[in-house]
Each structure stands twice: as structure tokens, then as C-alpha cells.
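Here's the structure, in C-alpha cells; my notes come after.
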Amino acid sequence: VLGKARQPDLLSEGNQVRIRGRVIFYPPRSTVQLRMGAVDPSYTAGRLAAERNAVLLALDHDGLLDRNGALQIPTLPRRIGLVTSTGSAAHHDVMAVFDDAGIGFEILLAHTKVQGDGAPRAVAAAIAAAQSHGAEVILVVRGGGSRSDLDTFDTELVARSIAEAGVPVFTGVGHYVDTSVADRVAAVHTTTPTACARALTDRVSAELDRIEHDWDRVMLSGAQVIADLDRRLAVDTQRLSQVGE
């Protein structure tokens, strides 16, 4: 459902694994050791996939998979919520794109932890905080890491906070090969924090270019109308002067 994801990091902290090994008893010290011989990768991959699919089914049951995507994205948003870890590479990448674009965004930075205990609750709270401060669009970004590092964005709590947000949410989580449940429910899903920022600035820049082009057309049309009126006035003035003679 979510597309091809990268192979989980089997021995990362927090992952459950199934191993094959043998128990060794050392009588002189009365100690027991377990010597691992192999790791079953299908167990970890299958468990993660099952958990993600369970979250997706719950969201689908409540009609939330496409709710955020149905929201209209403002053509010229001014207040942008940025949900990320302050000072992280993702934070700097997004701000670099905004600076290069030269668009006068007001950035509402909502700091959050993005992995570990309490991270899902923190991300959900940051999304709510950005909304409460008037964000018109929210960017949720996090740099790359192991599969377990990105687990926060597969949780139902984070997915629901995005799906139920009252404004469009853009996501840029992980690397190009990573896809999360959060990506599935967001209005716009991109592959990296940099791509996430560019997805917004490209839309706004295109709209600004269109407005400038339309304004140039209005100015040109107005100049032509004035020139035509000037010519008509000159002709009428000449005719009146001839009548007076």
C-alpha cells in the first residue's frame, strides 16, 4: 500500500528480532550463554509491514486517508508552520531553500523531538501548535536515519494528527527510498526535507510569476488604451479648431 520501503536495520535499537542460536552452559562458573548464529530478516520486515498496514486500515475505516489531501492548498500562503527538530540538518535544509527563494514567508517553527520515547506525542503537539498560531500550510520534515529512527512517522497518532489537520500538510521524511504512513495521509508527500521546501516554494513562485505576467499584460493593455484615447483626442481637437476657423 505504501510502496517499496528500504530493508529494516535489523539490529537497530528498538527493533524486535528473531534469531537462531544455541545455549552454552559453562559449569565452572555456572553461567549460561546464548550464541547467535543467524537473524531472521523476514520476521522484522513482516512485523513492521503488518503494523503499518494495521494503521492504514484504521485510518481508512475512519475516512482519513485522503482527508488532508482534499484540502485546498493556498496559492499564496504567508504563514508557514515548520515541524522539525530545531537546529537539525532538516531544519537547516528547509531554511536554506526558503532563503534562496526570496519569498517573504513568516516561518512558525514548532520544535519537536522526532525519534525515541514520546516522539509521536511531541510531533502531534507541534502540528497542533502550528495550527493554533495561524499556519496556512505545515511542513513536517525529518532527515534520514535507520528504519527504526523513522518509526515515529508510521505511528497512528502522528498519522491522525496530519490527516485531521485543518490545513494542508507537506511531508519530507527520511531519504528518497523511505515512505511512511505520514506520507500517505499528507496533502503533499516529498522525498526529503529539501524537496519538501521546494515543493512549496515552486508552487508559490509559479503563482507569483503568473500574477506578474498578468499585471504586465494589464499595464500594456492600459497603455494601449491611453494611447488610443490620446490619438482620438488629438483628432477631435483638430476638427474643433477647423470648425472655429
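The values are calculated or read from the model by the stated rules, or taken from the named source; none is laboratory data. Keep in mind it's a predicted model, so treat the numbers as computed, not measured. Cβ coordinates were reconstructed from backbone atoms using ideal geometry, including for glycine residues, and neighbour counts include every protein chain displayed. Surface areas here come from the heavy atoms of the whole protein model, side chains and all, with no ligands, DNA or RNA. Shrake-Rupley method; radii C 1.70, N 1.55, O 1.52, S 1.80 Å.
V225 contributes about 80 Å² of solvent-accessible surface, heavy atoms of the protein only, 1.4 Å probe. Here's the picture: a label point sits 7 Å out from the Cα of H61 along the beta-carbon direction, and within the stretch 127-168 the residues with their amide nitrogen under 14 Å of it are 156. Rounded if a/c is under 1.5, else prolate if a/b beats b/c, else oblate: with a ≥ b ≥ c from the C-alpha gyration tensor eigenvalues square-rooted, which is the stretch 142-210? Oblate is the answer for the stretch 142-210, as a/c is 1.5 or above yet b/c matches or exceeds a/b. Each residue, R78 and V23, gets one label point 7 Å from its Cα in the Cβ direction; the gap between the two is 7.0 nm. Stretching I107 away from Q33 to a fully extended chain increases their span by 21.2 nm, per 0.36 nm per residue minus the current alpha-carbon distance.
Could you tell me what percent of the accessible area of the stretch 125-205 is made up of carbon and sulfur, with a 1.4 Å probe and every protein chain present?
Using a 1.4 Å probe with all protein chains present, the stretch 125-205 comes out at 53 percent carbon and sulfur.
Between R231 and L208, the C-beta separation translates, for a Förster distance of 30 Å, into a calculated FRET efficiency of about 0.30. Ligands, DNA and RNA excluded, the heavy atoms of L34 present near 110 Å² of accessible surface to a 1.4 Å solvent probe. Here is the size of the stretch 20-173 from its Cα atoms: Rg then Dmax, 20.9, 76 Å.
Entry comment: accessible area of the stretch 89-178 is 39 Å² per residue, from protein heavy atoms only and a probe of 1.4 Å.
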